[in-house]
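Just below is one structure, and these are the notes that go with it.
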Amino acid sequence: MKTLMLSCLTALTLSSSIALAADPAIGVWETGLDEGRYSHVKIEQCGGKMCGTLLRLFEEDGTPVNDGNIGKTILWDMTPKPGGKYRDGKFWRVFDGKTYNGKMDMLGSQLKVSGCVMFICAGQKWNRTE
């Protein structure tokens, strides 16, 4: 009986790990240029939603920058939807400090991110680095 319970628990743990790894947005993404800088953002699952943390920030020429925002959560509450879509989330923009209502869409190996605050909208295509 103990062996059966242990086997079931192991199978459940493995299937959960496979489900988490299967989400195509999980990983490290390089953003597009914004105000002459770009960044690396680590996206992972946070509960049933996706969130992202600023890992690294660079000048356009690749020089690393540490402006005190490294480690900050810059996207949160992205709800996975069918077809590689993520909705109802928020983005915090490093360069203006504003929070935008956002969404993400997988486009092959790229992640299209877009967000709006009031009537101002912007978007970028991010490339996977890890």
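Here, each number is a calculation from the coordinates, and none is a lab measurement. Just so it is clear, the model here is predicted, and its values are computed rather than measured. Note that each Cβ is placed from the backbone with ideal geometry, even for glycine, and that neighbours are counted across all protein chains shown.
At 7 Å along Cα-to-Cβ for each site, give me the label-to-label distance between GLN110 and LYS90 in nm.
2.8
Subtracting the Cα-Cα distance from 0.36 nm times the residue separation, let me have the gained length for GLU60 to VAL117 in nm, one decimal.
18.0 nm
At q = 0.19, 0.22, 0.29 Å⁻¹, what is the log10 ratio I(q)/I(0) for the range 75-130, with the Debye formula run over Cα points and no solvent?
Values returned for q = 0.19, 0.22, 0.29 Å⁻¹ are -0.66, -0.85, -1.23.
Place +1 on the Cβ of every Lys and Arg and -1 on the Cβ of every Asp and Glu in the range 61-121, take the dipole about the Cα centre, and give the residue among LEU75, TYR86, MET118 whose Cα lies farthest towards its positive end.
So the residue we want is TYR86.
Mind listing the phi-derived Karplus ³J(HN,Hα) values for the range 117-130, rounded to whole Hz, using 6.51, -1.76 and 1.60 with θ = phi - 60°, and x for any glycine or proline?
Running phi through 6.51 cos²θ - 1.76 cosθ + 1.60 with θ = phi - 60° gives 10, 6, 10, 9, 10, 8, x, 8, 10, 9, 10, 5, 10, 9 Hz.
At THR73 and ARG37, where each label point lies 7 Å from the Cα along Cα→Cβ, what is the point-to-point distance in nanometres?
2.1
Taking only the C-alpha atoms, wrap a convex hull around the range 45-95 and report its volume per residue in Å³ as a whole number.
94
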